[in-house]
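Novice: Once you've had a glance at the structure underneath, I'll fire off some questions.
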Amino acid sequence: MASQPPVAPPIPSPTPSPGVSPIMPNSEQVVIIYVIIAMAVIIFGFWNVPVVRNLINPLKLFTIALHEFCHISAAVISGGRILKITIDPHIGGATHVEGGRPTFILASGYLGSTLLGGLFVLAGYSTLVAKVMSFVLGIGLIMPLALVRDKL
């Protein structure tokens, strides 16, 4: 008679306590949510205060360059041709494209920025990913400064 392989006991499904939602954040996640909200408020505030906004020019240039890079990638993927790219810390950026799929190209700037921003947030949960994203951020902060040094 052949013996059956051992079977692991069933894992009991956690039963939520009465009155507690299964998607409620725990105490560590609440702290992270508050930190993200505080950082967003501070950055949005600094973005528009005349004297202080010059302090965050590298971050602004990185954000604008990342946004425009997403437009460029979508244009190339959809068969478009890049005519001109402008990045300015005070005004923003623009990517002029010929051909391609306009809806895809227009949406890619915001969607790509959102996805990459989410990657930066998720990087806080893994030391290795945080190191890689810190390197990306460091390069991303230095490169635009070299390109727009005459406008600062």
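The values are calculated or read from the model by the stated rules, or taken from the named source; none is laboratory data. All figures in this text were calculated on a predicted structure; none of them were measured in a lab. Cβ sites come from the backbone with ideal geometry, for glycine too, and all protein chains shown count toward neighbours. Note: areas computed on protein heavy atoms with side chains; ligands, DNA, RNA excluded. Shrake-Rupley method; radii C 1.70, N 1.55, O 1.52, S 1.80 Å.
Novice: Would you check if there is a residue in the stretch 91-104 being in contact with a Leu (Cβ under 6 Å, 6 or more places away or on another chain), more than 21 Å from Trp47 (Cβ to Cβ) and open to solvent by less than 90 Å² (accessible area, probe 1.4 Å)?
Specialist: Taking the stretch 91-104 first, the residues in contact with a Leu (Cβ under 6 Å, 6 or more places away or on another chain) are 96, 98.
Next cut, more than 21 Å from Trp47 (Cβ to Cβ) only: 96, 98.
This time we only want the ones that are open to solvent by less than 90 Å² (accessible area, probe 1.4 Å), so: 96.
So far as the stretch 91-104 goes, yes, one or more of its residues are in contact with a Leu (Cβ under 6 Å, 6 or more places away or on another chain), more than 21 Å from Trp47 (Cβ to Cβ) and open to solvent by less than 90 Å² (accessible area, probe 1.4 Å).
Novice: Answer with yes or no whether Ile91 is more than 30 Å from Gln29 (Cα to Cα) and among the β-branched types (Val, Ile, Thr). Break it down into steps so the answer makes sense when it comes.
Specialist: On the way: more than 30 Å from Gln29 (Cα to Cα): yes; among the β-branched types (Val, Ile, Thr): yes.
Yes, satisfied.
Novice: With the requirement that a residue be under 15 Å from Cys70 (Cβ atoms), touching a helix residue (DSSP H, G or I) at 6+ places or on another chain (Cβ under 7 Å) and of a type in the set (A, V, I, L, M), what does the stretch 112-132 give you?
Specialist: Taking the stretch 112-132 first, the residues under 15 Å from Cys70 (Cβ atoms) are 112-120.
Pick out the ones that are also touching a helix residue (DSSP H, G or I) at 6+ places or on another chain (Cβ under 7 Å) and you get 112-113, 116, 119-120.
Correct list: Leu116, Leu119.
Novice: What about Val31, is it of a type outside the set (Lys, Arg), part of a helix (DSSP H, G or I) and surrounded by 12 or more Cβ atoms within 10 Å (Cβ to Cβ)? Step through it out loud before you land on a result.
Specialist: Values: of a type outside the set (Lys, Arg): yes; part of a helix (DSSP H, G or I): yes; surrounded by 12 or more Cβ atoms within 10 Å (Cβ to Cβ): no.
The answer is no for Val31.
Novice: From the list Ile56, Ile37, pick out the single residue that is at negative phi, modelled with pLDDT of 80 or more and open to solvent by less than 100 Å² (accessible area, probe 1.4 Å).
Specialist: Working: Ile56 fails: modelled with pLDDT of 80 or more.
Just one listed residue meets the conditions, Ile37.
Novice: Next question. Confirm whether Ile64 is farther than 24 Å from Leu141 by Cα, under 17 Å from the mean Cα position of the chain (by Cα) and among the aliphatic types (A, V, I, L, M). First the steps, then the outcome.
Specialist: Details: farther than 24 Å from Leu141 by Cα: no; under 17 Å from the mean Cα position of the chain (by Cα): yes; among the aliphatic types (A, V, I, L, M): yes.
Answer is no for this residue.
Novice: Which members of the stretch 124-148 meet the condition of being farther than 15 Å from Phe62 by Cβ and either open to solvent by 70 Å² or more (accessible area, probe 1.4 Å) or at pLDDT 80 or above (or both)? Give the steps one after another, and end with the answer.
Specialist: Taking the stretch 124-148 as the starting set, the residues that turn out to be farther than 15 Å from Phe62 by Cβ are 124-132.
The answer is Tyr125, Thr127, Leu128, Val129, Ala130, Lys131, Val132.
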